[in-house]
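K.L.:
Before I ask anything, here is the structure I am working with.
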Amino acid sequence: MAKLKSKSASIESSQEKAPPQFFFGYRNLNGEAVITPRFEQAFEFEGEIARAKIDGKTGVINKQGNWLFEPKFEFLGVAGKSHIAYRDGKLWGIAGFSGALVTSPSYDEILSIGSEVFTARKKDRIQILTFSEDVRVDNIESATRWYNGVASVSTMDGGGIINERGQWLLPPGPRKIYDFCEGLAAFDCEDGSGYYGTDGEIAISPSFEAAYDFSEGLARVRKNGMFGYIDENGDFVIQPTWSDPTQISFSGNTDAMANFSNGFAKSARKVEDRLIAGYLDRAGNWHDADKFESDPRQNSLKSFRAENPAWTEFQEKLELGEPFDEKLRSFETKLEEALAKDAEGASKIITEIMSHSFDGTIKGVKIVVYDSDDFGLMVYPLSNTGEEIYFDDQFWKKNRIAFKTTAKLFAKGVMPEPKSAKGTRLLQSFMLKSTNRCIEWFGELWRQNDSTPKLPVFLQNEDDQRLFDISCNSWIDESDIPLRLRK
């Protein structure tokens, strides 16, 4: 009789590196997995792209889970529309999404990437350079990210706005200019806070106490100590009657949380002497935070994690000791031998069952595989509802005798003794998987020996609620048996 080839993977040696405990994927707003967990690390999406790590290397994916930049480097930095910063050793360079290296790794930091230039720091020197590494602007103090060919820059003389050709659209002066968002950059000056356009001209006069980024057409500003939201013309859409949510302690509490996203912005209001966190919609209506199960500002895919089966196998090996791999194979070999012997007894009993009509009450047969101290098989006739039919003591005595050919594997010490309660649980988990593999083999053996059974035959592991249907070579739920018996 043919022996089952063990399907269990070889357990890694203790010198080998442990596999990741979890894999990460992405869900949509409905909680549906749209990118299957396969990454060792998954970063949140920034617009249409996200960084993801696999085999210790980081790449860039789109919202379909396809690689835009293959994982080649351990760390990736800021990204432009078609380029990204990479780290090789301790230094940074720039690569195209095609994978081609644009610059060598020779910078201490890549600050931002435009369509033709990038901003980088080398020691204490910050420069704007072309992709061919020609210097466009030298000795600046800082620079924001590039937006449609322009960026705000800080120098010893103050803040200004420059284009990718190195031309100053707004010469440096006594002001601080922030990132461009939706075509406008907030700035602070002696007169107050306002906004510049990408042409370097003032778009909204500095009439506010503080000004923040535009998002979804609205920007948060402070006036008379309270916060409201203006449109691109500088007109209030939501009046400044709200408190500062960043003064409340909660996860991810930053100014960005107060920007609009998916139609909501984090906000706060004062109730008596206490600040209450909540959300504002675009019409300025208040929504209590506990109304939402999750952050309503989420408008993109969200990463989630799932346990890696390989990690569980690795932990089993560590918990059960070094001989586990050898004993695993020994157990499966002896299990196959025991089932092969009992298969002969099973055939005799099933033939006897099928040879009697029992008034037509028997509609099928269930064979249960027991992997306890009394390891072996037991045959149960089934009614049309899937219930087990019991007969007189003589029948069951004959049934039991037929299946006592199997060895008591635990008593003979074939399987290792668990070292802890956790080890016991891991061993039980392994036994379930291993016995189910042998059940599938036994089903194949049965089909080879009796390709046209007169009644449906189901195989079951005593520790599993599922059954293996020999006729269709698949696992089914116990609740599906009545339907299968009526076919």
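K.L.:
Restricting attention to segment 2-34, which residues are under 30 Å from Phe292 (Cβ atoms) and either of a type in the set (A, V, I, L, M) or modelled with pLDDT under 50 (or both)?
P.N.:
Leu29, Ala33, Val34
K.L.:
Now for a separate question. Which residues, counting only those in segment 48-83, are without any contact (Cβ under 8 Å) to a residue 12 or more places away in the chain and exposed (fewer than 14 other Cβ atoms within 10 Å of the Cβ)?
P.N.:
The answer is Asn66, and nothing else.
K.L.:
Of the residues that make up segment 217-228, is at least one of a type outside the set (Val, Ile, Thr), modelled with pLDDT of 95 or more, part of a strand (DSSP E or B) and over 22 Å from Glu190 (Cα atoms)?
P.N.:
The answer is yes; a qualifying residue exists.
K.L.:
Same structure, new question: Pick out the one residue from Ile230, Ile202 that is surrounded by fewer than 17 Cβ atoms within 10 Å (Cβ to Cβ) and of a type in the set (Val, Ile, Thr). Write out each step before concluding.
P.N.:
On the way: Ile230 fails: surrounded by fewer than 17 Cβ atoms within 10 Å (Cβ to Cβ).
Ile202 is the lone residue from the list that is surrounded by fewer than 17 Cβ atoms within 10 Å (Cβ to Cβ) and of a type in the set (Val, Ile, Thr).
K.L.:
From the list Gly149, Gly99, pick out the single residue that is under 37 Å from the mean Cα position of the chain (by Cα), modelled with pLDDT under 90 and of a type in the set (Gly, Ala, Ser). Walk me through it before giving the result.
P.N.:
Details: Gly149 fails: modelled with pLDDT under 90.
Result of the check over Gly149, Gly99: Gly99.
The values are calculated or read from the model by the stated rules, or taken from the named source; none is laboratory data. All values derive from a computational prediction rather than experimental measurement. Neighbour counts are summed over all protein chains in view; Cβ atoms, including those assigned to glycine, are modelled from backbone coordinates with ideal geometry.
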